[in-house]
1. Determine which single condition residue 201 fails, assuming it passes every other condition in (1) touching a residue at least 40 places away in the same chain (Cβ under 8 Å); (2) more than 28 Å from residue 287 (Cβ to Cβ).
2. Which members of segment 331-374 meet the condition of being surrounded by 15 or more Cβ atoms within 10 Å (Cβ to Cβ), closer than 22 Å to residue 394 by Cβ and touching a residue at least 60 places away in the same chain (Cβ under 8 Å)?
3. Going through segment 224-250 one residue at a time, which ones are closer than 11 Å to residue 276 by Cα and assigned to a strand (DSSP E or B)?
4. Would you confirm whether or not segment 226-245 contains a residue that is surrounded by fewer than 18 Cβ atoms within 10 Å (Cβ to Cβ) and more than 30 Å from residue 305 (Cα to Cα)?
5. For the structure I just gave you, tell me whether residue 569 is part of a loop (DSSP other than H, G, I, E, B), closer than 21 Å to residue 444 by Cα, modelled with pLDDT under 85 and in the same structural domain as residue 650 (by TED's automatic domain parsing).
6. Could you list, in sequence order, all residues of segment 623-638 that are assigned to a strand (DSSP E or B), without any contact (Cβ under 8 Å) to a residue 24 or more places away in the chain and more than 17 Å from residue 652 (Cβ to Cβ)?
7. Inside segment 384-442, can you point out the residues that are in a loop (DSSP other than H, G, I, E, B) and within 17 Å of residue 349 (Cβ to Cβ)?
C-alpha cells in the first residue's frame, strides 16, 4: 500500500488530516507521490471530487454551511487468493452541532463501490459497535455533530471511482458527497501508517476507527504482526479493540494480531476499532515482519477529546488608507504621492466551527517593524475577528498591487493558508499637473510658456491648464494667481470632480501699468478621495516690460503697441509711421482650407528682416531676410501627425518699424470615403 500519511518516517509530529483534499494536499507537500500511490495515483488517474475545503457539496444546493463528509481519496487494492483486491476506507461526517446534533440520523452510502466490489461491502460502526453489509449504513450524530464509520470492500473489487454520499434523514434532507477511488495493485514504499493518524473520538462512546497499513519491501506473502499495546489499554472498556482483518475476521480483546499475510506487493492492512471509553492521547502502533529480515516499523495514532470538528475556515480582508486623509479604510484603489504613507488593516475572521491558531502572517509591503495586532498565540474563536496593522512609506513612483497571507490551524488539523484580496496604490510624483501659459492680448500668436515682451497699456492673457494624472477623480480648490486682476478669473471645474486623464483650464488677465519684469506662478489644490489635500504650483512665466519707448517709425510716428495682432495698423497718435511700413500688407498664403497631405505656406519677403512661423502656438522655424527665396519665405507642413480638425498657422514678422503678425486656419481633413453606387 503506497499511502504515505503524516505518520510516515519522513514526517515528524502528529497532524489531524480529515478530508480527502486535506490529505492529498499534505501528501503532495511531502513529495510523497513516489511513495504514496494509493493517494497520488488517484489524483493522476482521474480527478477526485471531494467537497471543497470548508464548502460542503449539498445536493439540495443549500447556501448554508451545515455538514462536510470526508473519505480517503483512493486506496490501492491489496490481498491475494481469498482476499484479492480488498480495500478499506474511513468515512467521517462533520456537521454544525447547532443545526444537526445529538441523535440526528444520517445515512452514508457507497453504491458505486458496492457494485465495484461485487456486492461485498461491510460497514463498521464504533458507536455503538456493530457491523452491517450492503450499500450503506445509517448512523446517529454525537453531541458535537460528528459520526465515523469504517468500511471494507472485497474481495475482487474492480478499479474505479465511487461517490460517497451522506444524506440527512431529517429536514431539510440535505446530501453531501466525497469521492473514493479503487486503484489496482502496485509496488509500494515500506512503512506502517495509520489513516487517519489523528481522530476526534465519538462524544457518546469515545469510540474511534482507523486503518493500519503495513508495507514491506520484498515481503511478498510473509506474515506480519500489527499491534498497539497503548491503544489497547487506552480504550478501557472490554473488548478494548476490534481488529478487522482483510478477510473480514474480527479479532477482539487483544492488543495485537499475528500472522497477517502480506500480498505479492508486500502490502496488508487491518481496520482498528476502539470500542469505547478511549482516553485522549497518542498510541504507538507497530508492524513487525515475523520472518527474516524481521523488520519493524512504528507510527502513532492520536485520539483527541470530543469537540466540534467542522472544517476550519476563515476569511482575510485587506483594507488601506492614505495616512492623514481621514477618509476611512477601503478596498478600492488609491492614488498616492511619493512621501505619503499608506496604512493597512488586515482583518481575519474565523468562519468555521473549531478555534484557529493564526501564524505566518506576511505582507510584502509592510515596512519592517510596523506589523502589529493579531491574536498572537491565543486561538481565534468561531465567529471572532482579529486585525493586523502595518504601514508603508511611498518612496518611488509606480503601481503597487499588494496582498497579505496568514495561516490558520485548528486543533489536529492541517494548516490552512489564505490570501487576502488585492489592494492597489498608484504612486506618482504628483496627483496632477498644472501648466501656466501666456500671450499678449489681441495678438494672434498662440499661448506659450516662453518669456514675452510687453508694453505699458497692453494686457496679458493667462491660461492655467490643470490635468489629473492619477487614478482617482480630483476636486480642485483654492486656485490662486497673484497677477490675475480682480474679477478676471474664469474657467476651472468648480465643485465638479476632475476625472482621471481629464484636464481643465483657468483663465485670467493682467493690465500692464508699469515697466519691469513680471514673474508669475499659479497655485491650485487637488484632493483625491481618501487623501489629504495637496497644493501644487505651476511653472513660472515671464513678461519683460521695457521702460524705454518702442522704436519710432521713419516718419517719426510710433507704434502704439508694436504687439502681435496689431497687424501694423497701429492706433492713436503717431500711427502714420506704421502705416508707411512696407510690410503693412503682410500676407500669409496657403494656410487655409482642408489639408490631407504636405502643403506649402508662403509669406512675401518685402520689408521683413526676420520671420517666425508657429503651428498651434508652437514655434516651428525662424528665417532671416537672407533665407528668402524668390522674394518669399517658404515652409512646408505635413498634417499627418496632427489630429483631425482645425489647426492654426501663425507668423510674427519683424520689419524696420514694427512687429507684425498674421494667422490662418487650415483643417486636417479625413480621407474621403467613396462608396460605389449600387448596381444590383
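1. (2)
2. Across segment 331-374, the qualifying residues are 333, 334, 335, 336, 337, 340, 342, 344, 346.
3. Within segment 224-250, 235, 241, 242 meet the criteria.
4. no
5. On the way: part of a loop (DSSP other than H, G, I, E, B): yes; closer than 21 Å to residue 444 by Cα: yes; modelled with pLDDT under 85: yes; in the same structural domain as residue 650 (by TED's automatic domain parsing): no.
Taking the combined requirement at face value, the residue does not satisfy it.
6. Restricting attention to segment 623-638, the residues satisfying the condition of being assigned to a strand (DSSP E or B) are 623-624, 629, 632-637.
Right, trim to without any contact (Cβ under 8 Å) to a residue 24 or more places away in the chain and you get 623-624, 629.
Within segment 623-638, 629 is the sole residue that qualifies.
7. The initial filter retains those residues of segment 384-442 that are in a loop (DSSP other than H, G, I, E, B), namely 384, 394-397, 403, 410-415, 420-422, 429-431, 441-442.
Answer for segment 384-442, where residues must be in a loop (DSSP other than H, G, I, E, B) and within 17 Å of residue 349 (Cβ to Cβ): 384, 403, 410, 420, 421.
To keep it simple, each residue is scored yes or no on (1) part of a strand (DSSP E or B); (2) closer than 16 Å to residue 664 by Cα.
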site	(1), (2)
587	no, yes
597	no, no
601	yes, yes
610	yes, no
621	yes, no
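The values are calculated or read from the model by the stated rules, or taken from the named source; none is laboratory data. Source: prediction; values computed, not measured. Backbone-built Cβ (ideal geometry, glycine too); neighbour counts: all protein chains shown.
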